[in-house]
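The values are calculated or read from the model by the stated rules, or taken from the named source; none is laboratory data. Keep in mind it's a predicted model, so treat the numbers as computed, not measured. All Cβ positions, even for glycine, are placed from backbone atoms using ideal geometry, and neighbour counts span all protein chains on display. The area values use the complete protein model at the heavy-atom level, side chains included, leaving out ligands, DNA and RNA. Shrake-Rupley method; radii C 1.70, N 1.55, O 1.52, S 1.80 Å.
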Amino acid sequence: MTCREVARALQACLDGEADEVTARRVATHVEDCRRCGLETAVYREIKNSLARQEVPDEKAMARLRDFGSALLTAGPPEAYDEAAGLGGGR
Ligand SMILES: [Zn+2]
């Protein structure tokens, strides 16, 4: 599963709306991918805030939005190279 697919499926997974296979793929990915793991943590934080009827942290919301739109428009950002070991070698 790619970061882009994870970004799309993440919300449904954390809401318990994704099917089992998708949820497992996302879980596996976020364990291996530091960037997606981080965003998952941020997303959980937001959900927890909402569950407690607090106002979600605005910075966290903005970061999550950036993350999602960056992935959907431009593909995985710089952290991808680091994780995959594809640095370009220059
Ligand atoms: Zn990822």
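Using the Karplus relation 6.51 cos²θ - 1.76 cosθ + 1.60 with θ = phi - 60°, the per-residue 3J(HN,Hα) values for the stretch 53-58 come to 6, 9, 7, x, 4, 5 Hz, with x marking Gly and Pro. Model label points for residue 11 and residue 57, set 7 angstrom from Cα along the Cα-to-Cβ axis, are 2.1 nm apart.
Which order do 59, 47 take by accessible area at a 1.4 Å probe, largest first? Could the numbers behind the result be given before it?
On the way: 59 155, 47 70 Å².
Accessible-area ranking of 59, 47, largest first: 59, 47.
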